Amino acid sequence: MWCRCTVFESIGDCCGTRQSGIDSADKAPHPISVLASSPASSPSLLLRTPHGSSQGKSTAFYTLLSRPGLITILAFLIGLAHNQVADPAPGITAAPHDDNLRYFDVTIQGPDGSPFQQGIFKLELFLPEEYPMAPPKVRFLTKIYHPNIDKLGRICLDILKDKWSPALQIRTVLLSVQALLSAPNPDDPLAPDVAKHYKENEKDAQRVSREWTQQYASE
Amino acid sequence: MAKVPRNFRLLEELEKGEKGIGDGSCSYGLEDGDDIMMSNWNGTIIGPGHTVHENRIYSLKITCGEDYPDRPPTVQFLSRVNLPFVSSTDGRVDTARLPVLANWNRNSSLETVLVEIRKEMATLTNRKLPQPPEGSMF
(Lines give C-alpha, C1' and ligand atoms only; values in the text may rest on other atoms or scores of the structure.)
Protein backbone atom coordinates (compact mmCIF):
# COMPACT_ATOMS: atom_id res chain seq x y z
CA MET A 1 0.00 0.00 0.00
CA TRP A 2 1.12 3.56 -0.67
CA CYS A 3 1.99 4.66 2.81
CA ARG A 4 3.38 8.12 3.38
CA CYS A 5 4.25 7.42 7.01
CA THR A 6 6.96 4.81 6.49
CA VAL A 7 8.61 6.74 3.68
CA PHE A 8 8.50 9.87 5.79
CA GLU A 9 10.15 8.09 8.71
CA SER A 10 13.10 6.95 6.60
CA ILE A 11 13.51 10.35 4.95
CA GLY A 12 13.19 12.14 8.27
CA ASP A 13 16.15 10.16 9.53
CA CYS A 14 18.43 10.65 6.57
CA CYS A 15 18.22 14.36 5.88
CA GLY A 16 19.57 15.45 9.23
CA THR A 17 16.66 17.68 10.13
CA ARG A 18 15.53 15.57 13.05
CA GLN A 19 15.29 17.71 16.16
CA SER A 20 14.04 17.12 19.64
CA GLY A 21 10.90 19.07 18.67
CA ILE A 22 10.14 16.63 15.89
CA ASP A 23 10.62 13.61 18.12
CA SER A 24 8.17 14.81 20.70
CA ALA A 25 5.67 15.88 18.03
CA ASP A 26 5.71 12.39 16.56
CA LYS A 27 4.24 11.02 19.76
CA ALA A 28 1.00 12.79 18.92
CA PRO A 29 -1.55 10.75 16.95
CA HIS A 30 -0.33 10.63 13.38
CA PRO A 31 -2.65 12.41 10.91
CA ILE A 32 -2.45 9.44 8.55
CA SER A 33 -3.46 6.93 11.20
CA VAL A 34 -6.43 9.12 12.06
CA LEU A 35 -7.39 9.13 8.42
CA ALA A 36 -6.94 5.39 8.08
CA SER A 37 -9.27 4.64 10.95
CA SER A 38 -12.07 6.61 9.36
CA PRO A 39 -14.04 4.43 6.94
CA ALA A 40 -15.10 7.43 4.84
CA SER A 41 -11.57 8.35 3.92
CA SER A 42 -9.72 5.07 3.91
CA PRO A 43 -6.31 5.41 2.26
CA SER A 44 -7.28 2.61 -0.13
CA LEU A 45 -9.39 5.23 -1.87
CA LEU A 46 -6.17 6.61 -3.20
CA LEU A 47 -5.41 3.38 -4.99
CA ARG A 48 -8.68 2.96 -6.81
CA THR A 49 -9.58 4.16 -10.26
CA PRO A 50 -13.01 5.73 -10.87
CA HIS A 51 -14.11 2.24 -11.95
CA GLY A 52 -13.16 0.80 -8.61
CA SER A 53 -10.39 -1.53 -9.73
CA SER A 54 -7.34 -1.75 -7.48
CA GLN A 55 -4.00 -0.35 -8.55
CA GLY A 56 -0.62 -1.22 -7.12
CA LYS A 57 1.91 0.93 -5.27
CA SER A 58 2.78 4.53 -5.97
CA THR A 59 2.85 4.02 -9.75
CA ALA A 60 -0.92 4.10 -9.48
CA PHE A 61 -0.63 7.80 -8.80
CA TYR A 62 1.09 8.45 -12.13
CA THR A 63 -1.43 6.29 -13.97
CA LEU A 64 -4.27 8.19 -12.39
CA LEU A 65 -2.87 11.53 -13.51
CA SER A 66 -4.33 10.93 -16.97
CA ARG A 67 -7.71 9.69 -15.76
CA PRO A 68 -10.98 11.43 -14.97
CA GLY A 69 -10.43 10.68 -11.30
CA LEU A 70 -7.64 13.24 -11.24
CA ILE A 71 -9.78 15.96 -9.72
CA THR A 72 -10.89 13.58 -6.97
CA ILE A 73 -7.31 12.59 -6.26
CA LEU A 74 -6.16 16.21 -6.12
CA ALA A 75 -9.04 17.12 -3.85
CA PHE A 76 -8.07 14.18 -1.67
CA LEU A 77 -4.43 15.25 -1.54
CA ILE A 78 -5.30 18.82 -0.67
CA GLY A 79 -7.70 17.46 1.94
CA LEU A 80 -4.84 15.34 3.25
CA ALA A 81 -2.65 18.43 3.42
CA HIS A 82 -5.39 20.17 5.41
CA ASN A 83 -5.58 17.25 7.83
CA GLN A 84 -1.83 17.41 8.26
CA VAL A 85 -1.84 21.08 9.12
CA ALA A 86 -5.00 21.16 11.24
CA ASP A 87 -2.80 20.53 14.27
CA PRO A 88 0.71 20.54 12.85
CA ALA A 89 2.95 20.71 15.89
CA PRO A 90 3.53 22.75 19.04
CA GLY A 91 4.45 26.33 18.14
CA ILE A 92 3.18 26.05 14.57
CA THR A 93 -0.19 27.07 13.12
CA ALA A 94 -1.46 26.86 9.56
CA ALA A 95 -4.83 28.03 8.24
CA PRO A 96 -6.01 27.78 4.63
CA HIS A 97 -7.46 30.83 2.89
CA ASP A 98 -11.23 30.64 2.34
CA ASP A 99 -10.90 31.53 -1.33
CA ASN A 100 -7.83 29.41 -2.09
CA LEU A 101 -7.51 26.04 -0.39
CA ARG A 102 -3.93 25.64 -1.64
CA TYR A 103 -2.82 28.82 0.15
CA PHE A 104 -2.08 28.84 3.90
CA ASP A 105 -1.31 31.48 6.49
CA VAL A 106 1.35 30.01 8.76
CA THR A 107 2.90 31.07 12.05
CA ILE A 108 6.03 29.57 13.52
CA GLN A 109 7.23 30.24 17.04
CA GLY A 110 10.97 30.85 17.35
CA PRO A 111 12.56 27.82 19.05
CA ASP A 112 13.64 28.13 22.68
CA GLY A 113 17.36 28.61 23.07
CA SER A 114 17.67 30.30 19.67
CA PRO A 115 17.96 34.06 19.06
CA PHE A 116 14.43 33.84 17.66
CA GLN A 117 12.98 32.64 20.97
CA GLN A 118 9.60 34.18 21.83
CA GLY A 119 9.18 35.51 18.31
CA ILE A 120 6.05 34.68 16.33
CA PHE A 121 6.96 34.60 12.66
CA LYS A 122 4.35 34.86 9.94
CA LEU A 123 4.82 32.82 6.79
CA GLU A 124 2.79 31.91 3.73
CA LEU A 125 2.63 28.49 2.08
CA PHE A 126 1.28 27.54 -1.33
CA LEU A 127 0.72 24.10 -2.83
CA PRO A 128 1.49 24.58 -6.53
CA GLU A 129 -0.27 22.84 -9.40
CA GLU A 130 2.43 20.13 -9.48
CA TYR A 131 2.16 19.34 -5.75
CA PRO A 132 2.92 16.75 -4.40
CA MET A 133 5.38 16.03 -7.21
CA ALA A 134 6.80 19.54 -6.65
CA PRO A 135 7.49 21.01 -3.18
CA PRO A 136 5.21 23.52 -1.48
CA LYS A 137 6.34 27.14 -1.77
CA VAL A 138 7.06 28.72 1.60
CA ARG A 139 8.10 32.28 2.46
CA PHE A 140 8.58 34.35 5.63
CA LEU A 141 6.42 37.46 5.80
CA THR A 142 8.04 38.63 9.02
CA LYS A 143 11.49 40.20 8.67
CA ILE A 144 14.14 37.90 10.11
CA TYR A 145 17.93 38.14 10.49
CA HIS A 146 19.04 34.65 9.47
CA PRO A 147 21.78 33.53 7.04
CA ASN A 148 19.47 31.16 5.15
CA ILE A 149 16.50 33.52 4.78
CA ASP A 150 16.74 36.52 2.45
CA LYS A 151 15.25 40.02 2.57
CA LEU A 152 12.13 38.84 0.77
CA GLY A 153 11.61 35.94 3.18
CA ARG A 154 12.75 33.28 0.75
CA ILE A 155 14.15 30.21 2.50
CA CYS A 156 17.20 28.14 1.57
CA LEU A 157 16.23 24.65 2.72
CA ASP A 158 17.08 21.47 0.79
CA ILE A 159 13.69 19.79 1.24
CA LEU A 160 12.01 22.83 -0.36
CA LYS A 161 14.23 22.35 -3.39
CA ASP A 162 16.18 19.34 -4.68
CA LYS A 163 15.62 17.14 -1.61
CA TRP A 164 11.83 17.38 -1.83
CA SER A 165 9.96 14.09 -1.74
CA PRO A 166 6.21 13.68 -2.31
CA ALA A 167 6.25 11.60 0.87
CA LEU A 168 7.14 14.62 3.02
CA GLN A 169 4.26 16.11 4.92
CA ILE A 170 3.41 19.78 5.25
CA ARG A 171 3.97 19.51 9.00
CA THR A 172 7.43 18.03 8.39
CA VAL A 173 8.23 20.95 6.11
CA LEU A 174 7.12 23.47 8.72
CA LEU A 175 8.99 21.65 11.49
CA SER A 176 12.10 21.73 9.31
CA VAL A 177 11.70 25.48 8.82
CA GLN A 178 11.37 25.85 12.58
CA ALA A 179 14.45 23.67 13.06
CA LEU A 180 16.37 25.88 10.62
CA LEU A 181 15.90 28.75 13.08
CA SER A 182 17.79 26.73 15.71
CA ALA A 183 20.48 25.70 13.27
CA PRO A 184 21.54 28.55 10.96
CA ASN A 185 23.95 27.37 8.30
CA PRO A 186 26.18 30.28 7.23
CA ASP A 187 28.10 27.97 4.86
CA ASP A 188 25.08 27.72 2.57
CA PRO A 189 23.87 31.30 2.69
CA LEU A 190 20.96 33.01 0.99
CA ALA A 191 21.65 36.32 2.71
CA PRO A 192 25.43 36.72 2.17
CA ASP A 193 25.83 39.75 4.46
CA VAL A 194 24.04 38.00 7.35
CA ALA A 195 26.08 34.82 6.74
CA LYS A 196 29.33 36.82 6.79
CA HIS A 197 28.25 38.40 10.09
CA TYR A 198 27.42 34.94 11.55
CA LYS A 199 30.78 33.53 10.46
CA GLU A 200 32.89 36.46 11.65
CA ASN A 201 31.14 37.23 14.93
CA GLU A 202 28.40 34.78 15.81
CA LYS A 203 27.60 36.41 19.18
CA ASP A 204 27.08 39.83 17.63
CA ALA A 205 25.05 38.37 14.75
CA GLN A 206 22.83 36.57 17.26
CA ARG A 207 22.35 39.87 19.08
CA VAL A 208 21.04 41.42 15.85
CA SER A 209 18.80 38.37 15.29
CA ARG A 210 17.39 38.87 18.81
CA GLU A 211 16.84 42.59 18.17
CA TRP A 212 15.01 41.91 14.92
CA THR A 213 12.91 39.25 16.63
CA GLN A 214 11.91 41.76 19.29
CA GLN A 215 11.28 44.50 16.73
CA TYR A 216 9.40 42.58 14.04
CA ALA A 217 8.24 39.25 15.49
CA SER A 218 6.70 40.13 18.83
CA GLU A 219 2.95 40.42 19.04
CA MET B 1 -6.66 24.70 -11.44
CA ALA B 2 -4.28 26.08 -8.88
CA LYS B 3 -4.53 29.82 -8.57
CA VAL B 4 -1.10 31.18 -7.71
CA PRO B 5 -1.44 33.80 -4.93
CA ARG B 6 -0.18 37.34 -5.53
CA ASN B 7 3.07 37.08 -3.57
CA PHE B 8 4.22 33.81 -5.08
CA ARG B 9 3.29 35.08 -8.52
CA LEU B 10 5.38 38.24 -7.95
CA LEU B 11 8.31 36.14 -6.67
CA GLU B 12 8.16 34.17 -9.94
CA GLU B 13 8.12 37.39 -11.94
CA LEU B 14 11.02 38.79 -9.90
CA GLU B 15 13.13 35.69 -10.54
CA LYS B 16 12.31 35.82 -14.24
CA GLY B 17 13.18 39.52 -14.38
CA GLU B 18 16.50 38.92 -12.60
CA LYS B 19 17.49 36.37 -15.25
CA GLY B 20 16.64 38.88 -17.99
CA ILE B 21 13.73 38.81 -20.39
CA GLY B 22 13.65 38.64 -24.18
CA ASP B 23 16.40 40.52 -26.03
CA GLY B 24 17.01 42.94 -23.14
CA SER B 25 14.97 45.79 -24.66
CA CYS B 26 12.65 45.65 -21.63
CA SER B 27 13.62 44.98 -18.03
CA TYR B 28 12.18 45.35 -14.56
CA GLY B 29 13.09 44.88 -10.92
CA LEU B 30 11.99 45.75 -7.41
CA GLU B 31 12.39 49.42 -6.52
CA ASP B 32 13.51 48.39 -3.02
CA GLY B 33 14.99 44.93 -2.41
CA ASP B 34 13.59 45.05 1.16
CA ASP B 35 9.98 45.49 0.02
CA ILE B 36 8.54 42.25 1.38
CA MET B 37 5.15 42.98 -0.22
CA MET B 38 6.82 43.54 -3.61
CA SER B 39 4.50 46.43 -4.50
CA ASN B 40 6.84 48.93 -6.17
CA TRP B 41 8.78 48.11 -9.31
CA ASN B 42 11.05 49.92 -11.74
CA GLY B 43 10.76 49.20 -15.43
CA THR B 44 12.99 50.19 -18.33
CA ILE B 45 12.18 50.23 -22.03
CA ILE B 46 14.76 50.83 -24.73
CA GLY B 47 12.98 52.65 -27.56
CA PRO B 48 12.40 50.50 -30.66
CA GLY B 49 14.65 51.07 -33.69
CA HIS B 50 13.56 53.03 -36.77
CA THR B 51 11.22 55.19 -34.67
CA VAL B 52 11.56 58.55 -32.93
CA HIS B 53 12.20 56.51 -29.77
CA GLU B 54 15.29 54.79 -31.13
CA ASN B 55 18.11 54.53 -28.55
CA ARG B 56 16.09 56.39 -25.90
CA ILE B 57 15.90 54.78 -22.48
CA TYR B 58 12.55 55.16 -20.75
CA SER B 59 12.10 54.63 -17.01
CA LEU B 60 8.76 53.63 -15.60
CA LYS B 61 7.29 53.03 -12.17
CA ILE B 62 4.95 50.07 -11.84
CA THR B 63 2.81 49.49 -8.76
CA CYS B 64 1.22 46.12 -8.01
CA GLY B 65 -1.74 46.48 -5.67
CA GLU B 66 -3.18 43.88 -3.30
CA ASP B 67 -5.38 42.48 -6.07
CA TYR B 68 -2.55 41.84 -8.50
CA PRO B 69 -2.62 39.77 -10.74
CA ASP B 70 -6.41 39.71 -10.74
CA ARG B 71 -6.22 43.45 -11.38
CA PRO B 72 -3.63 45.19 -13.56
CA PRO B 73 -0.76 47.16 -12.03
CA THR B 74 -0.69 50.94 -12.29
CA VAL B 75 1.98 52.21 -14.64
CA GLN B 76 3.62 55.61 -14.79
CA PHE B 77 6.38 56.93 -17.03
CA LEU B 78 9.15 58.69 -15.10
CA SER B 79 10.84 59.73 -18.36
CA ARG B 80 8.94 62.26 -20.43
CA VAL B 81 7.31 60.74 -23.46
CA ASN B 82 4.60 61.72 -25.93
CA LEU B 83 2.20 58.80 -26.43
CA PRO B 84 -1.61 58.89 -26.69
CA PHE B 85 -2.11 56.65 -23.63
CA VAL B 86 0.35 58.54 -21.39
CA SER B 87 -0.64 61.68 -19.45
CA SER B 88 1.40 64.64 -20.60
CA THR B 89 1.31 66.14 -17.10
CA ASP B 90 2.49 63.29 -14.85
CA GLY B 91 3.31 60.35 -17.14
CA ARG B 92 0.52 58.12 -15.86
CA VAL B 93 -0.57 55.42 -18.28
CA ASP B 94 -4.34 55.48 -18.93
CA THR B 95 -5.43 51.90 -18.21
CA ALA B 96 -8.45 52.21 -20.51
CA ARG B 97 -6.34 53.28 -23.48
CA LEU B 98 -3.65 50.61 -23.35
CA PRO B 99 -5.07 47.24 -24.50
CA VAL B 100 -2.75 45.09 -22.33
CA LEU B 101 -4.10 46.87 -19.22
CA ALA B 102 -7.68 47.32 -20.44
CA ASN B 103 -7.99 43.62 -21.34
CA TRP B 104 -5.94 42.46 -18.37
CA ASN B 105 -6.01 38.78 -17.37
CA ARG B 106 -3.92 36.56 -15.13
CA ASN B 107 -1.71 35.56 -18.04
CA SER B 108 -0.57 39.15 -18.39
CA SER B 109 2.52 40.15 -16.42
CA LEU B 110 4.96 42.98 -15.77
CA GLU B 111 6.88 41.69 -18.77
CA THR B 112 3.89 41.78 -21.13
CA VAL B 113 3.04 45.33 -19.96
CA LEU B 114 6.52 46.60 -20.89
CA VAL B 115 6.71 44.62 -24.12
CA GLU B 116 3.26 45.86 -25.21
CA ILE B 117 4.12 49.49 -24.39
CA ARG B 118 7.27 49.11 -26.50
CA LYS B 119 5.17 47.71 -29.37
CA GLU B 120 2.86 50.73 -29.08
CA MET B 121 5.88 53.01 -29.54
CA ALA B 122 6.48 51.41 -32.92
CA THR B 123 2.95 51.62 -34.37
CA LEU B 124 2.48 53.63 -37.55
CA THR B 125 0.91 56.57 -35.74
CA ASN B 126 3.13 56.57 -32.65
CA ARG B 127 6.51 56.01 -34.26
CA LYS B 128 6.66 59.56 -35.66
CA LEU B 129 5.10 61.57 -32.82
CA PRO B 130 7.27 64.54 -31.80
CA GLN B 131 9.01 63.77 -28.49
CA PRO B 132 10.24 65.90 -25.57
CA PRO B 133 14.02 66.33 -25.25
CA GLU B 134 15.84 63.05 -24.64
CA GLY B 135 16.48 62.32 -20.97
CA SER B 136 13.87 64.76 -19.58
CA MET B 137 11.78 63.54 -16.64
CA PHE B 138 8.27 64.19 -15.39
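The values are calculated or read from the model by the stated rules, or taken from the named source; none is laboratory data. As the structure is a computational prediction, the values presented were derived from the model and not from experiment. Neighbour counts run over all protein chains shown; Cβ positions are idealised from the backbone, glycine included. For the accessible areas, the whole protein counts, side chains as well, though only heavy atoms, and no ligand, DNA or RNA atoms are used. Shrake-Rupley method; radii C 1.70, N 1.55, O 1.52, S 1.80 Å.
Numbers below:
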{"read-out": "Exclusive hit being charged (D, E, K, R) and closer than 30 Å to A:L101 by Cβ, set B:D90, B:D70", "value": "B:D70"}
{"read-out": "Residues that are in contact with a Cys (Cβ under 9 Å, 6 or more places away or on another chain) and without any contact (Cβ under 8 Å) to a residue 12 or more places away in the chain, drawn from the range B:63-114", "value": "none"}
{"read-out": "Failed item, numbered, when A:E124 is tested on (1) closer than 15 Å to A:G91 by Cβ; (2) under 12 Å from the mean Cα position of the chain (by Cα)", "value": "(1)"}
{"read-out": "Residue that is within 25 Å of B:E15 (Cβ to Cβ) and within 14 Å of another protein chain (Cβ to nearest Cβ), where the choices are A:K163, A:K196, A:K151", "value": "A:K151"}
{"read-out": "Restricting the range B:22-37 to residues that are within 12 Å of chain A (Cβ to nearest Cβ) and free of Cβ contacts under 8 Å to residues at least 12 places away in the same chain, the residue that is nearest to B:Y58 (Cα to Cα)", "value": "B:D32"}
{"read-out": "Filter result (open to solvent by less than 10 Å² (accessible area, probe 1.4 Å), under 16 Å from A:P184 (Cα atoms) and either within 12 Å of chain B (Cβ to nearest Cβ) or part of a strand (DSSP E or B) (or both)) within the range A:122-148", "value": "A:F140, A:H146"}
{"read-out": "Inter-residue pairs, beta-carbon under 6 Å, first at the interface with chain A (Cβ under 8 Å from one of its Cβ atoms) and in the range B:7-21, second surrounded by 17 or more Cβ atoms within 10 Å (Cβ to Cβ), 6+ apart", "value": "B:F8/A:F126; B:F8/A:K137"}
{"read-out": "Test: residue in the range A:92-99 that is within 11 Å of chain B (Cβ to nearest Cβ), on the phi > 0 side of the Ramachandran plot and either surrounded by fewer than 21 Cβ atoms within 10 Å (Cβ to Cβ) or at pLDDT 95 or above (or both)", "value": "no"}
